[in-house]
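The structure appears right after this line, and notes come after that.
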Amino acid sequence: MLCLSQTTGYAIEALAHLDEPGGKPARLRDVAASASVPTPYLAKRMPELVAAGLVASKRGPTGGLTLARPSSEITLMEISEAVEGGKWLERCLLGLTECSNERNCPMHHFWTHARREIEQRLRSTTLAAVIEHERSKAASGA
């Protein structure tokens, strides 16, 4: 089964636990704990998220992390690209290094079409939608 990497999942979880711009900055270890992400792992990924313009970081005793833009303006594709780079969708579905348009594997044509749809969905799904989904799940007790 194809799914996003654990790194992307952790980044989405962490960002879903940050306040919107102008909100209360959170400490990295508090975000990691509330998102159930290992603190050292998140610490490695946070500079990538800051560099991508997804997270704002403020130093000092009143500092911490917030979203750099509203969650409704941050797409899952942006988060994935920030921590994975843009190349993960280009890889062969079967992991074959010699797979290409000229020399393709049995899944090549399927994956070419499927990845376009996956990319479109990731570009159209926002962090706000993930946050709302998690809130409604928590409210229903699921």
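Here, each number is a calculation from the coordinates, and none is a lab measurement. A quick note: this is a predicted structure, and the numbers were derived from the prediction, not measured. Every residue, glycine among them, receives a Cβ derived from its backbone with ideal geometry; neighbour counts consider all protein chains shown.
Annotations for the structure displayed:
- Screening the candidates 65, 93 for the property of being part of a loop (DSSP other than H, G, I, E, B) and touching a Leu at 6+ places or on another chain (Cβ under 8 Å) yields one hit, 93.
- Qualifying residue in region 68-87 (condition: part of a strand (DSSP E or B), among the charged types (D, E, K, R) and either touching an Asp or Glu at 6+ places or on another chain (Cβ under 6 Å) or within 20 Å of residue 23 (Cβ to Cβ) (or both)): no
- Against the list (1) out of contact with any helix residue (DSSP H, G or I) (no Cβ under 6 Å at 6 or more places or on another chain); (2) among the polar types (S, T, N, Q); (3) in contact (Cβ under 8 Å) with a residue 12 or more places away in the chain, the condition residue 75 fails is (1).
- With respect to being free of Cβ contacts under 8 Å to residues at least 40 places away in the same chain and part of a loop (DSSP other than H, G, I, E, B), residue 22 falls outside the description.
- Residue check for residue 132: over 27 Å from residue 35 (Cβ atoms), of a type outside the set (Phe, Trp, Tyr) and in a helix (DSSP H, G or I): no
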